[in-house]
Amino acid sequence: MIHSGIKEAMEKDRLVFFIGSGFSRSLGFPNWREMIIEFINELSVDEPELEEYKIVLKHISEIEVLEKLYPYRARLYKIMDKIFQLKEHHKEKIQLHKKIGEIATKIITTNYDKLFELALPDYKKIDNNNIFGIGNLEDIEKYIFKIHGCIDNPQTCVLFKSDYEELYVPENPAINRLNSIITDYTIVFIGFSLTDEHVRDQFERINKMFDGLARNHFIITTEETNLTKYNVKQIKLTEWSQLNKWFDSLIEVKRTYQETSIAQREVLIEVNPNIEVVQSSKKYLTKILILIASPLDREISYDFGNIAKYFSKYDVKIDCLYLTEETLHSLEDYDYLFIFSFYINKKIVIEDQMHKSKLISLETLEQHLGQEFINCIFLFLDKDITDQSYEELNYPWTILNYNEVEISNFVFSIVKKNNLNLLKSSMFINKEKIILLEAEKGNAIITIREDEEKKILASQIDPKRLSSFIGRTTDIVDITRKIIELNNQILTIKGSGGIGKTTIVKKVAYELFKRSYFSNGIKFVDCEPIKDYESFASKISSCFDLDNVVNFRDHISLNDFSLDMLLILDNFEVLVYLSDYEQIKDLVSFICDYVKVTITSREWIGLEYEEQHELRALTSEESLKIFKNNYNSKIDSSDEKYLKNEILDKLLNNNPLAIKLITKNLPKNIDVKILYQELSDDFFYFTNSGYFDIYDNNVDDKIERSESLYHSINYSYERLNSKEKLTFELLSLFPDGISMELFKQFFESKEFKYELNKITNKEITSLENKSLIEINSGLIELQSIIGKFASHQLINRTAEELSKYYKRAYQFNDFNLEMYSNVKKKYHRSKALGILDSSAENYLLSLSYIDKFEGDKSEKILYISYLSSNLSIIEQSPKFTNKLNDLIGYFEDLENGSTYLKLLICNINYFSGHFDESFSTIKKIFPISDWDKYDLRKTLNRSLISNVLNTYEMEGFEIQTTQFVLENLEFLYERNILSDLFKLGEFQACIEAMSSLTQESFFTFEIKYNLDQLDPKELIKYIENIYKKEFINIVQSNYILSKMKKNNKKNINQLVVTNAYTHGLKNLMLAFIEENDEKANNLYLKAISNLKHIKYYYLEAIYFYSDYLKSKNSADYEKWVNQGFEEVKEHNYKYLIHQYKNLMNDTSQIYVESDILLNSEYDYLSKVRQYIKKRDKEYI
């Protein structure tokens, strides 16, 4: 007997099987407890004391035992990989898996094994970390959702307590999707006892949410159990052998339904050919297009979110677009069209090409429709149009007055009830043609561009902050048109400080973004903190994701880097009077050929191709409107004239920011004349207090400025309490802003949780309410003009007060670094680097005040060390050296402190291309003979030696560096020796070292390539996941791809060169594919020159060049091959020795390490095994 709930779910394709480990046991795979016992058995061979955990397992939970085994996780992953490998006999025993595929198209499993993939090859596998797949799960017809990961990648499997805690949080996409499935589908558990508290909790929570009225789920079991609190009914089998029979009965039910369904539809059409009915079991979702008219010259408009929410509870697919002729032309395959517009002069409003209002008739609208058949067009208007006749219309229409209160009932009547008669106040045109499609309750798939593609919208543009924007419609329309029409020009928006330049350009940019302009993104640069051309050029290259590229212009030109991008340069006036402005202007001129550039400025910038828009001052009426909009009380009409003339016009100069700052600080029901006197007195005092030293004499004196604005900022500032002032001034030390979430976590951490003076959400909220800070997309920032004021207030503090401020800012940065480190460990490295990149300027600024407060210098220098090693990953190091030079004297009294900073500077300079000078200095300060003199028990010394080893390794001293590390494992086990072992050709040692690593690296793939074990698809996937600004890693990984002959010229040209190493590899890659002999020869020679100081790759480049010369019968072959061969022997590069021998002897022998006899008898392999054991025990 099949439960009716399961039958109904099968008919609607809403049945999901949830498979646990018990389902795989008959094929030899262990359940959870058996797997842990297997772990203990394997580990106890080398660690006998672990045997006792078998006994412990009887008294504590499996997850608690696994926590005890956590230090051995690297070995556990290897054991798992062995346990869950598919065998040949499995193919003959997966009939039940195949039967599940005949019954349901959707499978969820917590199993790590790949039996379902073997049984159902046409099903798409979605792992718990496949964000794209999870996000598009509804669109995948057949899938296997592996919520606890897959044995393909053991370290991503959910195994330990921390894995569960990371996965089972509401914001995790996998759990979010699981909860949707629990709500919308009927689930049958097999081989799953629901003892997993994390899975169980999801069902219990959803059952409570729906007060026990949600759909039932089922569990197949042979034991009596009560799971009603989870809304799960049991289907009891006498024994598990009956499962096969139960599956057969389900397959028969499904087959019968499919045959009956086809017959029913045929009869239905035969009986009433004029009515089309689509059954709720249809495989596709009802597709709805919502079009809204929201022209930029109208202040009143419709909102997608407010409209789409009424459809959210139905199983439909909704796209949201703006009502334009172009949109109408491109319609395709929609069931319903919902249009929201305005009715003027017997016509409706749409947007023209510049997004202004355009009036057209319904007949004209029909002519623009690109879709021949639509079930119904629902038109919502702001007024009644029943006086019109529409005999010439061909499509079925339903026309209604828009009423937000009634729209919910309308959607229910149409989408759920399919009953037009419920729409009593509607006007129907061609009613007989209307076709209504039934939709089930569910979760709508709603696509709004601003939700889908926020990642390409600058974080400084926060839609929430723009929602209250009022007025300036003429400016908005004009600026919009000018941006659209820009062609190798810039648009400058000029206006006085605080007049709203930044806000209006953000508003226009956001409106264009919502309408699908700028597919490559909208970038925003605040020019206020920029002091020279180098800083400006760095910001510009960063907008192109080309940070620290060696030659930005050449790279852009060579690759025809034209982007569909809008670049906003805010507060540009500060650059106009810099000494190197001509260079800045020249760069702006250059980038105009590749992106659209819009500038806000208090001055015209003086370019021939400058398109100009001067932002007029607000009228008194507009200023009054802003005042009323921001003031929490009413103003008597009798006071309005005085308010406009005496306060808004004369005192505040009709400046919108000044008005907001004042109104946000006013008490309710204030007398306007008292307000006038208060402001006059306050402004007079501020003017006489010497506030002009806020301005930068070199720049600000030449720029038009608004004194009323600074008066207003001061008025607001003086009404802050001490903690609010502390917060306000502290924020001036964070040019990149501060994450709101991290800010809260910082002050909730143990160190500050009970501090009396700690900053709380209350202070942040107060500053935001008073318009002194902005919170854009969760990032707390100061507007530039307010930031200058905050910085001025800060530097005028006493030395003692400043010391406290600096210390607090430093502590926050240190906390942020700790968070970065945690993210790097828990998630993909790219995500962590993105977080670090977003705060790089904050970290760099911290080096300017790290010596200005009391604190443990050893901790401070370790902060610098960590900062240096991580910022170098995203190519920020060149900005670092000047800061470090200034700190050498400060760390003189710390053992090896100043020496360490000098070393860091040498290292940065070395990797920036200053090889000879830097390495010469390092050899003098740190000769190999002195390495043993450093006490490696001290953290600073370990970091110091690690940096020394990096440079020596580059110069070909791998024998010395590797042996030194292996002899000092007790202290240097954190150092990754994979690169050293690889270059020495110790591949067996490499393979064993790799087994202890949880993340793949470039050298992992180098080793696989040299052993002929690398799948190019694996490498390509790795490259795709590299953070976009890890240019060195991207280049060197593409180098392997080129050696595999799997790369192309276009891709190679797009690689970003940041130093001699990347330049050399890129030239070598281009040489591989160059068909012109002269060009190829030059490229090889350039590569060899570039790589001279990266010894291994220098000699590999000579090898490839020798191979090329030999293929061309060149007379130079002997010279180059002999030179290279002698040097690889000198450096003990065993694999390269092997390669050179093959080349010189015309052989293709396989590499065997033991065949290469060297003078050294050092046993790398046994030392590496010590190394692995050490890493395992220390959780590394």
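For the structure I just gave you, tell me whether Leu379 is crowded, with 19+ Cβ neighbours inside 10 Å and more than 18 Å from Ile318 (Cα to Cα). First the steps, then the outcome.
Working: crowded, with 19+ Cβ neighbours inside 10 Å: yes; more than 18 Å from Ile318 (Cα to Cα): no.
No: the conditions fail for Leu379.
Mind counting the residues in the range 137-168 that are aliphatic (A, V, I, L, M), more than 24 Å from the chain's Cα centre (by Cα) and farther than 19 Å from Tyr123 by Cβ?
Of the residues in the range 137-168, the ones aliphatic (A, V, I, L, M) are 137, 140, 144, 147, 151, 158-159, 167.
Those still in the list that are more than 24 Å from the chain's Cα centre (by Cα) too: 144, 151, 159.
Still in the list and also farther than 19 Å from Tyr123 by Cβ: 159.
Looking only at that region, the number is 1.
Of all residues in the range 332-361, how many are in contact with a strand residue (DSSP E or B) (Cβ under 7 Å, 6 or more places away or on another chain) and not in a strand (DSSP E or B)? Give the derivation first.
Residues of the range 332-361 that are in contact with a strand residue (DSSP E or B) (Cβ under 7 Å, 6 or more places away or on another chain), as a first pass: 333-345, 347-352, 357-361.
Within this subset, residues satisfying the condition of being not in a strand (DSSP E or B) are 333-335, 341-342, 345, 352, 361.
Counting residues in the range 332-361 that are in contact with a strand residue (DSSP E or B) (Cβ under 7 Å, 6 or more places away or on another chain) and not in a strand (DSSP E or B) gives 8.
What's the total number of residues in the range 776-786 that are at pLDDT below 85 and out of contact with any Gly (no Cβ under 6 Å at 6 or more places or on another chain)?
Residues in the range 776-786 being at pLDDT below 85 and out of contact with any Gly (no Cβ under 6 Å at 6 or more places or on another chain): 5 in total.
Select from the range 82-96 the residues that are closer than 29 Å to Ile181 by Cβ and surrounded by fewer than 21 Cβ atoms within 10 Å (Cβ to Cβ) and write down the one among them that is modelled with the lowest pLDDT.
If we filter the range 82-96 for residues that are closer than 29 Å to Ile181 by Cβ, which is where we start, we get 83-84, 86, 90, 93-96.
Imposing the further condition that a residue be surrounded by fewer than 21 Cβ atoms within 10 Å (Cβ to Cβ) reduces the set to 83, 86, 90, 93-96.
Numbers: Ile83: 89, Leu86: 85, His90: 81, Lys93: 84, Ile94: 89, Gln95: 89, Leu96: 91.
Selected residue: His90.
Here are the criteria: (1) over 15 Å from Lys347 (Cα atoms); (2) free of Cβ contacts under 8 Å to residues at least 12 places away in the same chain. Tell me which single one Gln367 does not satisfy.
Answer for Gln367: the failing condition is (1).
Please specify each residue of the range 1132-1160 satisfying the condition of being in contact (Cβ under 8 Å) with a residue 40 or more places away in the chain and on the phi > 0 side of the Ramachandran plot. Steps first, answer last, please.
Kept after step one, since they are in contact (Cβ under 8 Å) with a residue 40 or more places away in the chain, are these residues of the range 1132-1160: 1132-1138, 1143, 1151, 1153, 1156, 1160.
Within the range 1132-1160, Asn1132 is the sole residue that qualifies.
Anything in the range 125-138 that is free of Cβ contacts under 8 Å to residues at least 40 places away in the same chain and charged (D, E, K, R)? List them, or say none.
Residues satisfying the conditions are Lys125, Asp127.
For the range 394-431, how many residues meet the condition of being under 41 Å from the mean Cα position of the chain (by Cα) and among the β-branched types (Val, Ile, Thr)? Even if it seems obvious, please write down each step before you answer.
Looking only at the range 394-431, we keep the residues that are under 41 Å from the mean Cα position of the chain (by Cα), and these are 402-416.
Then keep just the ones that are among the β-branched types (Val, Ile, Thr); that gives 405, 407, 411, 414-415.
Qualifying residue count, the range 394-431: 5.
Restricting attention to the range 553-584, report how many residues are within 21 Å of Thr502 (Cα to Cα), of a type in the set (S, T, N, Q) and surrounded by fewer than 18 Cβ atoms within 10 Å (Cβ to Cβ). Lay out the reasoning, then the answer.
So the first thing to find is which residues in the range 553-584 are within 21 Å of Thr502 (Cα to Cα), and the list is 565-577, 584.
Checking the rest, the ones that are also of a type in the set (S, T, N, Q) come to 571.
Keeping just the survivors that are surrounded by fewer than 18 Cβ atoms within 10 Å (Cβ to Cβ) gives none.
Total satisfying the criteria: 0.
Evaluate the range 788-807: report whether one residue or more is part of a helix (DSSP H, G or I) and at pLDDT below 85. Even if it seems obvious, please write down each step before you answer.
Here is the first cut: in the range 788-807, the ones part of a helix (DSSP H, G or I) are 788-795, 799-807.
Restricting the remaining residues to those that are at pLDDT below 85 gives 788.
Yes, the conditions are met somewhere in the range 788-807.
Can you pull out the residues in the range 514-542 that are touching a Phe, Trp or Tyr at 6+ places or on another chain (Cβ under 9 Å) and assigned to a helix (DSSP H, G or I)?
Result: Lys514, Tyr533, Ala537, Ile540, Ser541.
So that you can scan it fast, the table gives a plain yes or no per residue for (1) modelled with pLDDT under 70; (2) outside any helix (DSSP H, G or I); (3) among the hydrophobic types (A, V, I, L, M, F, W, C); (4) under 27 Å from Leu381 (Cα atoms):
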residue: Gln264; (1), (2), (3), (4): yes, no, no, no
residue: Lys283; (1), (2), (3), (4): yes, yes, no, no
residue: Leu289; (1), (2), (3), (4): no, yes, yes, yes
residue: Leu321; (1), (2), (3), (4): no, yes, yes, yes
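I'd like to check something: does the range 610-621 contain any residue that is hydroxyl-bearing (Ser, Thr, Tyr), within 30 Å of Ile1052 (Cα to Cα) and touching an Asp or Glu at 6+ places or on another chain (Cβ under 9 Å)? So that I can check it myself, show each step before the final result.
So in the range 610-621, the residues hydroxyl-bearing (Ser, Thr, Tyr) come out as 619-620.
Narrowing the set further to residues that are within 30 Å of Ile1052 (Cα to Cα) leaves none.
So far as the range 610-621 goes, no, none of its residues is hydroxyl-bearing (Ser, Thr, Tyr), within 30 Å of Ile1052 (Cα to Cα) and touching an Asp or Glu at 6+ places or on another chain (Cβ under 9 Å).
Could you run through the range 585-602 and say how many residues are of a type in the set (Gly, Ala, Ser) and surrounded by 17 or more Cβ atoms within 10 Å (Cβ to Cβ)?
Keep residues of the range 585-602 that are of a type in the set (Gly, Ala, Ser), which gives 589, 601.
Keeping just the survivors that are surrounded by 17 or more Cβ atoms within 10 Å (Cβ to Cβ) gives 601.
The number of residues fulfilling the criteria is 1.
Output yes when any residue across the range 442-456 is modelled with pLDDT under 85 and closer than 26 Å to Lys383 by Cα, and no when none is.
Among the residues of the range 442-456, not one is modelled with pLDDT under 85 and closer than 26 Å to Lys383 by Cα, which makes the answer no.
Is there a residue in the range 702-723 that is of a type in the set (Phe, Trp, Tyr), at pLDDT below 80 and within 20 Å of Arg797 (Cβ to Cβ)? Don't jump to the end; show me each part of the working.
Going through the range 702-723, the residues of a type in the set (Phe, Trp, Tyr) turn out to be 710, 715, 717.
Checking which are at pLDDT below 80 leaves us with 710.
Restricting the remaining residues to those that are within 20 Å of Arg797 (Cβ to Cβ) gives 710.
Looking through the range 702-723, at least one residue is of a type in the set (Phe, Trp, Tyr), at pLDDT below 80 and within 20 Å of Arg797 (Cβ to Cβ).
If Thr939 passes every condition in (1) under 37 Å from the mean Cα position of the chain (by Cα); (2) surrounded by fewer than 18 Cβ atoms within 10 Å (Cβ to Cβ); (3) within 22 Å of Val550 (Cβ to Cβ) but one, which one does it miss?
Failed condition: (3).
Taking the condition surrounded by fewer than 16 Cβ atoms within 10 Å (Cβ to Cβ), touching a Lys or Arg at 6+ places or on another chain (Cβ under 7 Å) and either of a type outside the set (D, E, K, R) or more than 25 Å from Ala444 (Cα to Cα) (or both), does Gln388 pass? Break it down stepwise before answering.
Numbers: surrounded by fewer than 16 Cβ atoms within 10 Å (Cβ to Cβ): yes; touching a Lys or Arg at 6+ places or on another chain (Cβ under 7 Å): yes; either of a type outside the set (D, E, K, R) or more than 25 Å from Ala444 (Cα to Cα) (or both): yes.
Yes; evaluated as a whole, the condition is true for this residue.
Does Leu50 satisfy being of a type in the set (A, V, I, L, M) and touching a residue at least 60 places away in the same chain (Cβ under 8 Å)? Reasoning before the result, please.
Values: of a type in the set (A, V, I, L, M): yes; touching a residue at least 60 places away in the same chain (Cβ under 8 Å): no.
Judged against the criteria, Leu50 is not a match.
Are there helices (runs of 4 or more DSSP H) fully within the range 1023-1104 with at least 3 residues that are under 25 Å from Ser538 (Cβ atoms)? List them. Give the derivation first.
On the way: elements: 1031-1043, 1049-1053, 1060-1073, 1077-1090.
Once the helices (runs of 4 or more DSSP H) in the range 1023-1104 are filtered for at least 3 residues that are under 25 Å from Ser538 (Cβ atoms), what remains is 1031-1043, 1060-1073.
Only one residue in Ile126, Ile134, Ile107, Ile100 is aliphatic (A, V, I, L, M), assigned to a helix (DSSP H, G or I) and under 29 Å from the mean Cα position of the chain (by Cα). Which one? Even if it seems obvious, please write down each step before you answer.
Numbers: Ile126 fails: assigned to a helix (DSSP H, G or I); Ile107 fails: assigned to a helix (DSSP H, G or I); Ile100 fails: under 29 Å from the mean Cα position of the chain (by Cα).
Testing whether each residue is aliphatic (A, V, I, L, M), assigned to a helix (DSSP H, G or I) and under 29 Å from the mean Cα position of the chain (by Cα) leaves just Ile134.
Tell me, yes or no, whether the range 732-740 has at least one residue that is modelled with pLDDT of 80 or more, in a helix (DSSP H, G or I), more than 19 Å from Lys804 (Cα to Cα) and under 30 Å from the mean Cα position of the chain (by Cα).
Quick first cut of the range 732-740, residues modelled with pLDDT of 80 or more only: 732-740.
Those left that are additionally in a helix (DSSP H, G or I): 732-733, 740.
Checking which are more than 19 Å from Lys804 (Cα to Cα) leaves us with 740.
Remaining after also requiring under 30 Å from the mean Cα position of the chain (by Cα): 740.
Within the range 732-740 (the criterion being modelled with pLDDT of 80 or more, in a helix (DSSP H, G or I), more than 19 Å from Lys804 (Cα to Cα) and under 30 Å from the mean Cα position of the chain (by Cα)), the answer is yes, since at least one residue qualifies.
The values are calculated or read from the model by the stated rules, or taken from the named source; none is laboratory data. Source: prediction; values computed, not measured. Don't worry about glycine lacking a Cβ; one is built from the backbone with ideal geometry, like all the others, and counts go over all protein chains shown.
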